[in-house]
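The values are calculated or read from the model by the stated rules, or taken from the named source; none is laboratory data. The model shown is predicted, which means the values in this text are computed figures rather than measured ones. Virtual Cβ from ideal backbone geometry, glycine too; neighbours counted across all protein chains shown. Note: areas computed on protein heavy atoms with side chains; ligands, DNA, RNA excluded. Shrake-Rupley method; radii C 1.70, N 1.55, O 1.52, S 1.80 Å.
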Amino acid sequence: MTEVSTTASPATEVAPDPRRFTLRQRIILRIIIAAGYAFIRLIGPTLRVCVSREEGAQETVSQRPLIISFWHACIIPATYLFRNVGIRVMSSNSYDGEYMGRIIHKFGFVAVKGSSSRNAVRALLGLRRALQQGWAVAFTLDGPRGPRHKVKPGPVALARSSGTPLTMFHIAVDRAWVLNTWDRLIIPKPFSRVLMRFGKLIPVPADASDQDLDRYQQDLQDSLDRIREFAEANIQKVGSPEFPYCV
């Protein structure tokens, strides 16, 4: 039996602020945030979850400090499964990033503003500071707009500068609504079976060269591809003796 959620101390960082948007946008934000939060809170407890790990993977969901990587499509089930752990995440300054940042804030995540295309340096510095304070940080590696299932260099560079190992996971769902969006966003249906697969940790030495970073980035890509294939190939076995439910 594996515990998927733990309670962390309240986050001290300031929550995302929607006041820079128009009145109409703020009203829509409130509706989206309330609906998104309510949906995840209702669906989450019905999910039948199995957690699977490669040899050398992280031991618990709440283990920290770590640099966590996953694909944007998994963000809804991941929000529930990693709730109340205090994970710091890079959040886009876009309108989409704003409502997602405020929804996940309600589940105990802390948004650090920036993206791979805007304010990336400031966000990475904020994430490095969070790691130094002992928190875990997370990247939706192909966000905010793709390309889908392609690793970006931020986590590997952060691992070298912080001395914190890389970890990664993928979540497969047997029954879900899959949106016709760039990321093929997964929205689990009630009482779906879920398989969350963790890959083995990847340490990046502080003296790694830029050429070495390219290799570690490829290692991260290969790991994410491997665990995605594993999770999707074995999702129908969840609930069997080989992959028992953990929550």
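For Ser52, nonlocal amide neighbours, meaning residues 5 or more places apart or on other chains whose placed amide H falls under 5 Å from its own, are Met196, Arg197, Phe198. Ordered from highest to lowest accessible area with the whole protein assembly present and a 1.4 Å probe, Asp214, Asp142, Asp207, Asp219 read as Asp207, Asp214, Asp219, Asp142. Calculated FRET efficiency, Leu42 to Cys246, Cβ-Cβ distance, R0 = 30 Å: about 0.90 to the nearest 0.05.
Heavy-atom accessible surface of His105, to the nearest 10 Å², is about 70 Å², with a 1.4 Å probe and all protein chains retained. Cβ-Cβ distance of Gln133 and Asp212, R₀ of 25 Å, FRET efficiency by 1/(1 + (r/R0)^6): the value works out to about 0.40. The residues of the chain have, on average, 48 Å² of accessible surface per residue, using a 1.4 Å probe with all protein chains present.
Put Lys237, Lys189 in order of accessible area, highest first, and with a 1.4 Å probe you get Lys237, Lys189.
Rolling a 1.4 angstrom probe over segment 65-199 with all protein chains present gives an accessible area of which 53% lies on carbon and sulfur atoms.
The dipole here belongs to the chain: it is taken about the Cα centre, uses +1 on the Cβ of Lys and Arg and -1 on the Cβ of Asp and Glu, and is about 1120 debye. Taking a point 7 Å out from the Cα of Lys237 in the direction of its Cβ, the residues of segment 150-178 whose backbone N falls within less than 17 Å of it are 170-174.
Evaluated on segment 157-247, the Kirkwood hydrodynamic radius is 15.0 Å, with distances taken between all distinct Cα atoms.
Using heavy atoms of the protein chains and a probe of 1.4 Å, the accessible area assigned to Met100 is about 40 Å². For Ala57, the amide hydrogen comes within under 5 Å of the amide hydrogens of Leu201, counting only partners 5 or more places away or on other chains and with H modelled in the peptide plane.
Kindly provide log₁₀ I(q)/I(0) values, in the same order as q = 0.11, 0.12, 0.14, 0.15 Å⁻¹, from the Debye equation applied to equal alpha-carbon scatterers of the chain. Evaluating at q = 0.11, 0.12, 0.14, 0.15 Å⁻¹ gives log10 I(q)/I(0) of -0.55, -0.66, -0.91, -1.06. Beta bridges from DSSP with both residues in the chain: antiparallel share about 35 percent, rounded to the nearest 5.
Projecting the Cα atoms of Val49, Gln25, Leu141 onto the charge dipole of the chain, computed from C-beta unit charges around the Cα centre, puts Gln25 farthest toward the positive end.
Counting pairs on different chains as well as pairs 8 or more places apart, how many Lys pairs in the chain have Cα atoms under 25 Å apart? Before the final figure, lay out the partial values.
On the way: Lys106/Lys189; Lys113/Lys150; Lys113/Lys152; Lys150/Lys200; Lys152/Lys200; Lys189/Lys237; Lys200/Lys237.
Within the chain, the lysine pair count is 7.
The slack between Lys189 and His149, meaning 0.36 nm per residue of separation minus the straight C-alpha distance, is 12.1 nm.
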